[in-house]
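Take a look at the structure below.
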Amino acid sequence: MEESWALSDRITQVPGKMGGKACIRGMLVTVSMIVRQISTGRTIDEILGDYPYLEREDVIAALDYAPHIRCRVSPVDVVAGNSQSPPSLHFIA
């Protein structure tokens, strides 16, 4: 039987579900997906419009959890020195 973890009342993690990544309330929506969208300039209201089953508190919880996500900057963006666009973030958790 798989063991799940509640990292908060809104952030859960279940081995084998979504690759073991932290998810919003056990749904197939990962914290990294929400954080990635915010990092590209999307607003909370835009995200809620695309995902009507999410609540504002879910997005806020994902942002609160964000410091726990391991991420890396794409080496291609660093080498290219493209100051016109932000580097690509690849979220692991």
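The values are calculated or read from the model by the stated rules, or taken from the named source; none is laboratory data. Note that the structure is predicted; figures quoted are calculated from it, not measured. Using ideal geometry, Cβ is built from the backbone for each residue, glycine included, and neighbour counts are taken over all protein chains shown.
Quick check on Glu46: is it more than 14 Å from Ser8 (Cβ to Cβ), assigned to a helix (DSSP H, G or I) and either at pLDDT 95 or above or of a type in the set (Asp, Glu) (or both)? I'd like the intermediate steps shown before the answer.
Values: more than 14 Å from Ser8 (Cβ to Cβ): yes; assigned to a helix (DSSP H, G or I): yes; either at pLDDT 95 or above or of a type in the set (Asp, Glu) (or both): yes.
Taking the combined requirement at face value, the residue satisfies it.
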Open item on the list: So Leu63 passes all but one of these: (1) of a type in the set (A, V, I, L, M); (2) modelled with pLDDT of 95 or more; (3) within 14 Å of Ser8 (Cβ to Cβ). Which condition number does it fail?
Closed with: (2)
